[in-house]
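What follows is a short report on a single structure.
The values are calculated or read from the model by the stated rules, or taken from the named source; none is laboratory data. Only a predicted model underlies this, so the values are computations on that prediction, with no experimental measurement involved. Ideal geometry is used to build each Cβ from the backbone, glycine not excepted, and the neighbour counts take in all protein chains shown. To get the accessible areas, we keep the full protein, side chains included, count just its heavy atoms, and leave off ligands, DNA and RNA. Shrake-Rupley method; radii C 1.70, N 1.55, O 1.52, S 1.80 Å.
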Amino acid sequence: MLGSLTDSLLDISASLMNLFVLSYALRPADDDHRFGHGKAEALAGLGQAAFIAGSASLLAFHGVERIINPTQIPHSLFGVWVSLFAIVCTLLVVAVQYQVVKRTQSIAIKADSLHYKGDILLNLAVLVAVLLNFYGIGYADPIFAIAVAMYLLYNSWDIAKESAAHLMDKELPDDEKAQIVLIASSHEDVYGVHDLRTRQGGKIKFIQLHLELDDDMPLMRAHNVADEVVASIKEEFECEMDILIHQDPVSLALGNTPVNS
């Protein structure tokens, strides 16, 4: 119960941090931030991972201390009702966060949701531990606390890695890149695609690629082909994207010298 209280206090701090960071990350691009402010979200994700790891470590510390110095838990029935109330409230929060993450893929909200899922596990552990303590099994409380702490530490590492990947401009997953190349190549006027580069900043996916087009294609037609490819990619992914396309004569892309007409 003490671990749950500590974790809930950290949740309040982390959620307030998310509120300020996300309000900044959602600002549109300006003269000083031409690619937007989305990376602030990854910074929030790292902060959340640190909060989760800190609360998990504190919880594990208390669990080990309680194993060394076991203590009888009084007022067991009251603890059961408090845990049930906390579980219901947290389930409502996680349900809302699930819908937000599904629509926005926000790292900060995903990290916050992980924190609250940990709260559900922690409160379930409190509930079971209090009930077992009522029947004289006192070691269940610290053992469950340590198990939940290990779960939180493991998942906080995943959140930290994902946040760091966004800050370091890691490429999009290979399946998404393959889909982008397939869509661009499927256009009837495109001979090939090369020099694909991708990254993600907050909710925006940034894509750069070169299209190989007919040497004698008029500039206006080349422009329209690029616009059509952009529209097809955005339609397939249904998320916010910033796509930059360079048009290359196919003969140059193949390393050949174009023939003067």
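Values for this structure:
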quantity	calculated
Output for the range 174-189, where each listed residue is of a type in the set (D, E, K, R) and in a helix (DSSP H, G or I)	ASP174, ASP175, GLU176, LYS177
Residues (of a type in the set (Lys, Arg) and assigned to a helix (DSSP H, G or I)) located in the range 151-171	LYS161
Test: residue in the range 226-247 that is surrounded by 13 or more Cβ atoms within 10 Å (Cβ to Cβ), touching a helix residue (DSSP H, G or I) at 6+ places or on another chain (Cβ under 8 Å) and of a type in the set (Asp, Glu)	yes
Hey, ASP195 at pLDDT below 95, open to solvent by 80 Å² or more (accessible area, probe 1.4 Å) and assigned to a strand (DSSP E or B) or not	yes
Residue count for the range 136-153, restricted to those that are open to solvent by 20 Å² or more (accessible area, probe 1.4 Å), within 23 Å of ALA86 (Cα to Cα) and of a type outside the set (Val, Ile, Thr)	8
Residue check, LEU122 modelled with pLDDT of 75 or more and either in a helix (DSSP H, G or I) or out of contact with any Phe, Trp or Tyr (no Cβ under 9 Å at 6 or more places or on another chain) (or both)	no
Complete set of residues in the range 57-78 that are of a type in the set (A, V, I, L, M) and at pLDDT below 70	ILE73, LEU77
So SER156, is it modelled with pLDDT of 80 or more and buried (at least 21 other Cβ atoms within 10 Å of the Cβ)	yes
Matching residues, the range 215-225, being open to solvent by less than 50 Å² (accessible area, probe 1.4 Å) and touching an Asp or Glu at 6+ places or on another chain (Cβ under 8 Å)	MET217, VAL225
Unmet criterion (only one of (1) part of a helix (DSSP H, G or I); (2) without any contact (Cβ under 8 Å) to a residue 12 or more places away in the chain) for ILE233	(2)
Test: GLU212 is open to solvent by less than 60 Å² (accessible area, probe 1.4 Å), part of a helix (DSSP H, G or I), acidic (Asp, Glu) and touching a strand residue (DSSP E or B) at 6+ places or on another chain (Cβ under 8 Å)	no
Filter result for ALA40 (touching a Phe, Trp or Tyr at 6+ places or on another chain (Cβ under 6 Å), modelled with pLDDT of 75 or more, part of a helix (DSSP H, G or I) and open to solvent by less than 20 Å² (accessible area, probe 1.4 Å))	yes
